[in-house]
Amino acid sequence: MKDSFEELGFSCKKKDDKDWMISAETGKGILEVTGSESTITIQKFRQLLNYLLDETKESGDEKKAILVANHFLDMPIEKRGEPFSEKAIEESKVHSICLMPTSELFKLVCYFRLGKITARDAQKRILETTGVFSAQA
């Protein structure tokens, strides 16, 4: 996962309990990475929101919160259910948080490798997405 973000031009650093702090010329973000045998619920979302609020209070910098989720991880991608609960999706829109299924991150990296999107454009799409991220080129 870290390698994917680095391939898209982000620098990734660990800080405290946060999974990854990312930065690029296009902006900064906090990643929470999780895997689940089912849909990702509001609990993981709230954990990320707490990290975001703490980080904003500490640094004063605005950062994008990104929840990267490998949902239904024991199933083939085509048989997986919805990645995020309705409540997590609703709250992501209220708090301008990006919900990113790992399958969409994979597609985005593939588009980048094929030259269909630049690293800068990929970064901007991630950092500007509110709600569920889609890699559609």
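Any read-out appearing in this document is the output of simple, stated calculations on the displayed coordinates, not a laboratory observation. No experiment lies behind these values; they were computed from the predicted model shown. We place every Cβ from the backbone using ideal geometry, glycine too, and count neighbours over all the protein chains shown.
Brief remarks follow.
- DSSP finds beta bridges in the chain, and of those with both partners inside it, around 40 percent are antiparallel.
- Virtual spin-label span in nm between Glu25 and Asp54, 7 Å along Cα→Cβ: 3.3 nm
- Cβ-based net charge around Thr56, under 10 Å, with every Lys or Arg adding one and every Asp or Glu removing one: -3
- Distance violations [Cα-Cα > 28 Å] among Lys28/Lys87; Lys18/Lys87; Lys79/Lys124; Lys15/Lys124: Lys79/Lys124
- Euclidean distance between Cα centres, the stretch 78-137 to the stretch 51-67, Å: 19 Å
- Among Ala65, Phe106, Thr39 - extreme Cα towards positive end, dipole of the stretch 2-130, charges at beta-carbon: Phe106
- Inter-site label distance for Ser103 and Ser38 at 7 Å from Cα along Cβ, in nm: 1.9 nm
- The slack between Asp61 and Leu73, meaning 0.36 nm per residue of separation minus the straight C-alpha distance, is 1.0 nm.
- Taking every alpha-carbon pair under 8 Å whose residues sit at least 6 apart, the stretch 2-130 reaches a relative contact order of 27 percent.
- The chain, helix-only ellipticity at 222 nm - DSSP H runs n ≥ 4, -39,500 (n - 2.57), divided by all residues, nearest 500: -12500 deg cm²/dmol
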